[in-house]
Amino acid sequence: MKPLLIAIPVILLLAVISVLTGVGSLASGLGGDGRGWLLIVESRVPRTLALMLAGTGLAVAGTIMQMLARNRFVEPSTAGTAESAALGMLLTMIFAPALPVAAKMAVAALTALAGTALFLKILRQIPLRSVLMVPLVGIMLGGVISAITTFVAYRYDMMQSMGAWISGDFSGVLRGRYELLWIALVLTLIAYVTAARFTVIGMGEEIARNVGLDYNKVVTLGLGIVSMVTATVVATVGMVPFLGLIVPNVISLVVGDNLRRTLPLIAATGAGLVLACDIVGRVIIAPYEIPVGTVMGVIGSVVFLYLLLSRRAHAG
Amino acid sequence: MIEIRDVTKSYGSNAVVDRVSMTLPAGGLTSIIGPNGAGKSTLLSIVSRLMPMDEGQVVIDGLDVSRTAGDVLARRLSIMRQDNHITARLSVRDLVAFGRYPYSKGRLTAVDVEHIERSIAYVGLQAFEHRFLDELSGGQRQRAFIAMVLCQDTDYMLFDEPLNNLDMKHAVETMKLLRRLADDFAKTVVVVLHDINFASAYSDRIVAMRGGKLAFEGAPKDMIEPSRLQAIFDVDCRVHAVGEKRLVNYFE
């Protein structure tokens, strides 16, 4: 539990910094006309909460995906999940624009589920000689789905909405516009309660069946959690790539994969990393912003490459 | 008692296991031998419900394998497969603890902890219990998986080629361990073996398969016999009696 004791104060500190960082000045208003408080309550706190919720959810979703696919390099943005969720959002915007956001999100969760299930089905069909084939297949599948989405979006003149789902950006988060993300926290708690099952799944289908686990049921549960987390994030703030890949891998290297023990740490680290990336994005070209998805993309691809290249050493 | 009745498994028109019927009595160590492609591993997978059968029935102590709930069966029968490559990064202790999953569902009780510690001690891995599996040698990892099966504490324990990739010392240690499971804990141990001399020296019963069918079964002294071995493996060999053991020389 020690790493968690270090992680929590760091995250709280990052959260405070996140609340205090921004273009609008807090100093003038806190005692006076109340505009400072308004800024904090309406924008800064919601943004900070949204960051932490999305980070937690995506890190946990990545972990579960890696257990289901039994591959270290899989996460919602390398398995077609995020792209499928974006396609679902687009379809609801075209065919049922009047639906409330929660309903649109539910549709996105269903398409994300279908896309991820398709990914797992493809994995079962092809002989996998290399670990790297798995994320490659996922990225290609994501590319195909993304191409369909782009084509449809182009035809219906919705390219701009699509950009919002694909690339994570928290600058537009206001009170009343991020609350669906709490669903991700609920899903994270469900994942924690059922953590032992996902560890067993990560040991492979045969060992799972040997200890009496209903393999298909657990895979379905895992797919459900991953799809819903991805859909909530895509629908509210947009996809943050690589997060679900970096965090589980780093935690696995340090403390292993017994999820009952490691999942709280994964959740905390996910929240912290997104907070840190968002703060960086807000600071370096202030008063302008770099979206968190871009910052994470840069950091993430470097870590991803490092993990790929160092893999041989760990595999022994 | 494991009753295998008319079990068939085919891929296309090729029957890998072809109407096999046999009864494995409770207790003792039974070896399954036979050439490559005889259907030994497939049969073991079917018995342990890792693989569905096309026809037939497997009944373990009155429980039909294809109809019994997975977690009920997991308290009766366990299997160690030959290819235990796991992606999850677990310590020896964590791995062994998952042998208690059928009982505890991940929340370990004092009884579970006792089982875990005893199993780790039994395979002699106490000094390594906090090491990750990917930091162990092949022999140690094999022993960790045996400890997991041991921890599952089922009456029936199946091992699919447990001696694969082990050197002489570890192969002997592993066989002795399996032998003790039968002798000290009254477990029913079923092992798929390639090394005929290990089968000869350590088994109570030997079952021979060939071409998906049951070829012969019997005690080692009846089975380890040149004409039978010739019929099973297509190899000329001599059998030497050394003390009570019968050793097969197939090198000439």
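Computed values, structure above
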item	result
Whether the range A:33-160 is rounded, prolate or oblate, judged on the alpha carbon gyration tensor where a/c under 1.5 counts as rounded	oblate
Partner chain coverage, peptide B:77-88 - average Cβ within 10 angstrom	5
Extension reserve of the A:Leu5-A:Ile17 stretch, reckoned as 0.36 nm per residue once the Cα distance is removed	2.4 nm
Electrostatic dipole magnitude of the range A:189-266 [Cβ: Lys, Arg +1; Asp, Glu -1; Cα centre; debye, to 20]	160
FRET efficiency, A:Leu91 to B:Arg75 (Cβ-Cβ, R0 60 Å, nearest 0.05)	0.80
Spin-label model distance (nm) - B:Phe185 vs A:Ala286, 7 Å beyond Cα toward Cβ	6.3
Cα-based Rg / Dmax (Å) for the range A:2-315	19.4, 67
Computed over chain A: relative contact order in percent, which uses C-alpha pairs under 8 Å that are six or more apart	31
Amide hydrogen neighbours beyond the local backbone of B:Ile32, cut-off 5 Å, H modeled	B:Val191, B:Val192, B:Leu193, B:Val207
5 angstrom amide H check on B:Ile79, placed H, neighbours 5+ away	B:Leu158
Bridge type composition, chain B - antiparallel percent by DSSP, nearest 5	60
Cα gyration tensor shape of chain B, rounded if a/c is under 1.5, else prolate or oblate by comparing a/b with b/c	oblate
Total charge dipole magnitude, the protein assembly as shown, about the Cα centre, Cβ charges on Lys, Arg, Asp, Glu only, Debye to nearest 20	580
Karplus 3J(HN,Hα) series, Hz, for the range A:271-278 with 6.51 cos²θ - 1.76 cosθ + 1.60 (x for Gly, Pro)	4, x, 5, 5, 4, 4, 5, 5
Share antiparallel - DSSP beta bridges, the range B:131-252, percent rounded to 5	65
Environment charge of A:Arg47, counting only residues whose C-beta is closer than 15 Å and scoring Lys/Arg +1, Asp/Glu -1	-1
Global geometry of the range B:68-165, whether rounded, prolate or oblate, following the gyration tensor of its Cα atoms and the 1.5 cut on a/c	oblate
HN-Hα J in Hz across the range A:198-213 - Karplus 6.51, -1.76, 1.60, θ = phi - 60°, x for Gly and Pro	6, 4, 4, 4, x, 8, x, 4, 5, 5, 4, 5, 4, 8, x, 7
Order of B:Phe216, A:Phe198 under a 10 Å beta carbon neighbour criterion, fewest first	B:Phe216, A:Phe198
Sequence of B:Cys151, A:Cys277, B:Cys237 once ranked by neighbouring C-beta atoms within 10 Å, starting from the fewest	B:Cys237, B:Cys151, A:Cys277
Too-long pairs where the Cα-Cα distance tops 23 Å, listed order kept, from B:Lys9/B:Lys213; B:Lys176/B:Lys213; B:Lys9/B:Lys176	B:Lys176/B:Lys213; B:Lys9/B:Lys176
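No value in this document is a laboratory result; all are computed from the given coordinates. Please read these numbers as outputs of a predicted model, since none were measured by experiment. Virtual Cβ from ideal backbone geometry, glycine too; neighbours counted across all protein chains shown.
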